[in-house]
Amino acid sequence: MRVTQQRHFNLSAAKLMERLTQQEFYESRFAVQGVESYQFEQCAAQAEGFVVHIVRTIEVDMNRIPSFARRFVNSTMPLVTRFVWQNHAEAPFFGAYTVKIGNAPVSIEGKVQITEVAEHQCQQLIDIEINSAIPVMGKKIARALAERVEEVIEKDYQATLQVLAAEAKG
């Protein structure tokens, strides 16, 4: 299952990239979203690129999980997100990431591109591939997860806009 989204920001691509490679930015965004349980494993330049690796504990609303998939999910699970930005010198910026949800038999992998659109304006293109290793029901699980991923991406985008707006006000 593929999820693609395009986001617009009223700041340069370089400024957005600068924020996306700062731990304080994620802490501010988590605060806006009310996320309290998280830990940074890495937020630093590495040989492979700039790595942002965050582990969160998430509460799973079991009512939103189809009954056939509940045996693969716990009510709380670790959500491990790992971004790797291949370049962070000048736009366009390219990144790849993986998301792992506990031991759930799904894979979430994505690519991100940040490009300059105009002066003090950039866009973020997100392309995510969601797969499930469960025979027969895998496509159904991936489709349900894709809907949830779209919601999470939108919440992250809105929180990012709030953080950036608060920073712009000073």
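Just to be sure I understand, how many residues within the stretch 111-156 are in contact with a strand residue (DSSP E or B) (Cβ under 6 Å, 6 or more places away or on another chain) and either at positive phi or free of Cβ contacts under 8 Å to residues at least 60 places away in the same chain (or both)?
Of the residues in that region, 5 qualify.
Pull up the stretch 113-125, narrow it to residues that are of a type in the set (A, V, I, L, M, F, W, C) and surrounded by 19 or more Cβ atoms within 10 Å (Cβ to Cβ), then point me to the one that is farthest from the chain's Cα centre (by Cα).
Per the criteria, the residue is Cys122.
Can Val35 be described as in contact with a strand residue (DSSP E or B) (Cβ under 9 Å, 6 or more places away or on another chain), at pLDDT 90 or above and part of a loop (DSSP other than H, G, I, E, B)?
yes
From the list Lys111, Lys100, Lys140, which one is part of a helix (DSSP H, G or I) and either of a type in the set (Lys, Arg) or at pLDDT 90 or above (or both)?
Step by step, each of Lys111, Lys100, Lys140 is checked, and only Lys140 is part of a helix (DSSP H, G or I) and either of a type in the set (Lys, Arg) or at pLDDT 90 or above (or both).
When the residues of the stretch 58-90 are narrowed to those that are modelled with pLDDT under 70, of a type in the set (A, V, I, L, M) and not in a loop (DSSP other than H, G, I, E, B), which ends up nearest to Glu18 (Cα to Cα)?
For the stretch 58-90, the residue satisfying everything is Met62.
Under 27 Å from Glu24 (Cβ atoms) and surrounded by fewer than 17 Cβ atoms within 10 Å (Cβ to Cβ), is that true of Gly95?
In short, no.
Exactly one of these conditions fails for Arg2: (1) modelled with pLDDT of 95 or more; (2) in contact with a strand residue (DSSP E or B) (Cβ under 8 Å, 6 or more places away or on another chain); (3) among the basic types (Lys, Arg). Give me its number.
Going through (1) modelled with pLDDT of 95 or more; (2) in contact with a strand residue (DSSP E or B) (Cβ under 8 Å, 6 or more places away or on another chain); (3) among the basic types (Lys, Arg) one by one, Arg2 breaks only (1).
The values are calculated or read from the model by the stated rules, or taken from the named source; none is laboratory data. From a predicted model like this one, the values you see are computed outputs, not experimental measurements. Counting neighbours? That spans all protein chains shown, and the Cβs are built from the backbone with ideal geometry, glycine included.
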